[in-house]
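Asker: Please read through the structure below; I'll follow up with questions.
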Amino acid sequence: APLTPATPSSLDPFFSREPSSMHISSSLPPDTQKFLRFAETHRTVLNQILRQSTTHLADGPFAVLVDYIRVLDFDVKRKYFRQELERLDEGLRKEDMAVHVRRDHVFEDSYRELHRKSPEEMKNRLYIVFEGEEGQDAGGLLREWYMIISREMFNPMYALFRTSPGDRVTYTINPSSHCNPNHLSYFKFVGRIVAKAVYDNRLLECYFTRSFYKHILGKSVRYTDMESEDYHFYQGLVYLLENDVSTLGYDLTFSTEVQEFGVCEVRDLKPNGANILVTEENKKEYVHLVCQMRMTGPIRSTWRCLEGVTKKKKHPQAPQLHLQRQELELLISGLPTSTPIATSNPNQYHIPVQLQSRYQWFWRTPALLRTRRPGQVTCSS
């Protein structure tokens, strides 16, 4: 179905930049606004104090920050999150819950064993048993199970996820996942595995696109998020926004091509869109609708189902972290374990030919410095 046309005023957030600092609402009491501005100004010192504090955040002199946790850095948020989970589990008796799996069928066997478990049962300790193998799970088998299942969920045979054309590394929901009759049940299971890993303080080998994390967090996507979905298409949108439509050399309409199961078809972005030309006046609306179609439209029914599941399962006392996209990625997957050699090939990424030599120089530098903490070498996009 065609997407709902946007009004000019509703397009402003879509084309605005990500806020670099915390937004302080004018509806808050004056004293609260003054405190939050002070906390934002002295954010570095404040977070350093909280890192060294042995008192639980909710019980200490900065307890007011529990309601304004956006001021905190990620590691302080994570520390508070772990402490709150421990509080919620006080007095809870956790038992070992055996999960019997065959090494060649980890995903299917785990699904069979766990998908009917209640949320309270999922709080128990998982005890992994690989059939036909001797050994007791003292933590190593569970770690291996998480590693295997986080890879298997992306198995093309299940058609649940596909790699992003933007980088061929991150994943997003496969628009054709409905070809798997159990895809909604599988998605629910994958969500529970991710939640269980966060609950158990385990990291998974799974990295998703920007828009995927934003969907999880309930945040609105921006047109710049298309860069991680389809880099070349995003570059075309940037050109359209920065230049006059007449320089394209062809007529552009409110429609887009969608490929599914090898068949390409044209879909309208708005009613009768194939007959409506894109002009200077309406080109922002076109960019908004085509990004919606590509980043949200094909997976809308899946997200509607998953959103219903998450709302029903959410604990009423669960701590609210107000995470950013990058922080959610760190919480689920941690820092990617990459090496300069593994990431020094410019052909793996969309690097212009004239910049490839600089790109290779950049990745030679950490190798020469013999850096031990690759997570400190970062790029911003």
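The values are calculated or read from the model by the stated rules, or taken from the named source; none is laboratory data. Just so it is clear, the model here is predicted, and its values are computed rather than measured. Methodologically, a virtual Cβ is constructed for each residue, glycine included, from the backbone with ideal geometry; neighbour enumeration extends over all protein chains shown. Accessible surface is based on the protein model in full, side chains and every heavy atom, while ligands, DNA and RNA are left aside. Shrake-Rupley method; radii C 1.70, N 1.55, O 1.52, S 1.80 Å.
Asker: With the requirement that a residue be acidic (Asp, Glu) and either assigned to a strand (DSSP E or B) or open to solvent by less than 80 Å² (accessible area, probe 1.4 Å) (or both), what does region 230-281 give you?
Answerer: Residues of region 230-281 acidic (Asp, Glu): 230, 242, 244, 251, 257, 260, 265, 268, 280-281.
Of everything in region 230-281, those that are acidic (Asp, Glu) and either assigned to a strand (DSSP E or B) or open to solvent by less than 80 Å² (accessible area, probe 1.4 Å) (or both) turn out to be ASP230, ASP244, GLU257, GLU260, GLU265, ASP268, GLU280.
Asker: Got a number for residues in region 21-44 being among the aliphatic types (A, V, I, L, M) and either exposed (fewer than 14 other Cβ atoms within 10 Å of the Cβ) or part of a helix (DSSP H, G or I) (or both)?
Answerer: Filtering region 21-44 down to residues among the aliphatic types (A, V, I, L, M) leaves 22, 24, 28, 36, 39.
Pick out the ones that are also either exposed (fewer than 14 other Cβ atoms within 10 Å of the Cβ) or part of a helix (DSSP H, G or I) (or both) and you get 28, 36, 39.
Residues in region 21-44 being among the aliphatic types (A, V, I, L, M) and either exposed (fewer than 14 other Cβ atoms within 10 Å of the Cβ) or part of a helix (DSSP H, G or I) (or both): 3 in total.
Asker: Related question: Of the numbered conditions (1) open to solvent by 50 Å² or more (accessible area, probe 1.4 Å); (2) assigned to a helix (DSSP H, G or I), ASN201 satisfies every one except a single condition; which is it?
Answerer: Going through (1) open to solvent by 50 Å² or more (accessible area, probe 1.4 Å); (2) assigned to a helix (DSSP H, G or I) one by one, ASN201 breaks only (2).
Asker: Checking the structure you have, find out if any residue of region 300-314 is surrounded by 13 or more Cβ atoms within 10 Å (Cβ to Cβ) and either of a type in the set (Gly, Ala, Ser) or at pLDDT 85 or above (or both).
Answerer: No, region 300-314 contains no residue that is surrounded by 13 or more Cβ atoms within 10 Å (Cβ to Cβ) and either of a type in the set (Gly, Ala, Ser) or at pLDDT 85 or above (or both).
Let's see how each residue does on (1) open to solvent by less than 60 Å² (accessible area, probe 1.4 Å); (2) aliphatic (A, V, I, L, M); (3) within 28 Å of the chain's Cα centre (by Cα):
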| residue | (1), (2), (3) |
| --- | --- |
| LEU46 | yes, yes, yes |
| ALA63 | yes, yes, no |
| PHE81 | yes, no, yes |
| GLU95 | no, no, no |
| ARG102 | no, no, no |
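Asker: Read through the list (1) closer than 26 Å to GLY334 by Cα; (2) at pLDDT 90 or above, then give the number of the only condition that ASP109 fails.
Answerer: The one condition ASP109 does not meet is (1).
Asker: Okay, next question. Which residues, taken from region 161-198, are buried (at least 19 other Cβ atoms within 10 Å of the Cβ) and part of a loop (DSSP other than H, G, I, E, B)?
Answerer: Once the filter is applied, which keeps residues that are buried (at least 19 other Cβ atoms within 10 Å of the Cβ) and part of a loop (DSSP other than H, G, I, E, B), region 161-198 yields SER164, GLY166, THR170, ASN174.
Asker: Only one residue in ARG151, ARG125, ARG70 is at negative phi, touching a residue at least 60 places away in the same chain (Cβ under 8 Å) and open to solvent by 60 Å² or more (accessible area, probe 1.4 Å), so which one is that?
Answerer: Details: ARG151 fails: touching a residue at least 60 places away in the same chain (Cβ under 8 Å); ARG125 fails: touching a residue at least 60 places away in the same chain (Cβ under 8 Å).
Criteria check complete, one pass: ARG70.
Asker: Kindly indicate whether any position in region 99-110 is touching a helix residue (DSSP H, G or I) at 6+ places or on another chain (Cβ under 7 Å) and part of a loop (DSSP other than H, G, I, E, B).
Answerer: Within region 99-110, one or more residues are touching a helix residue (DSSP H, G or I) at 6+ places or on another chain (Cβ under 7 Å) and part of a loop (DSSP other than H, G, I, E, B).
Asker: Pairs please, first residue from region 231-244 and within 17 Å of MET295 (Cβ to Cβ), second anywhere and open to solvent by 50 Å² or more (accessible area, probe 1.4 Å), Cβ atoms under 7 Å, 6+ apart in sequence or on different chains.
Answerer: TYR231/HIS350
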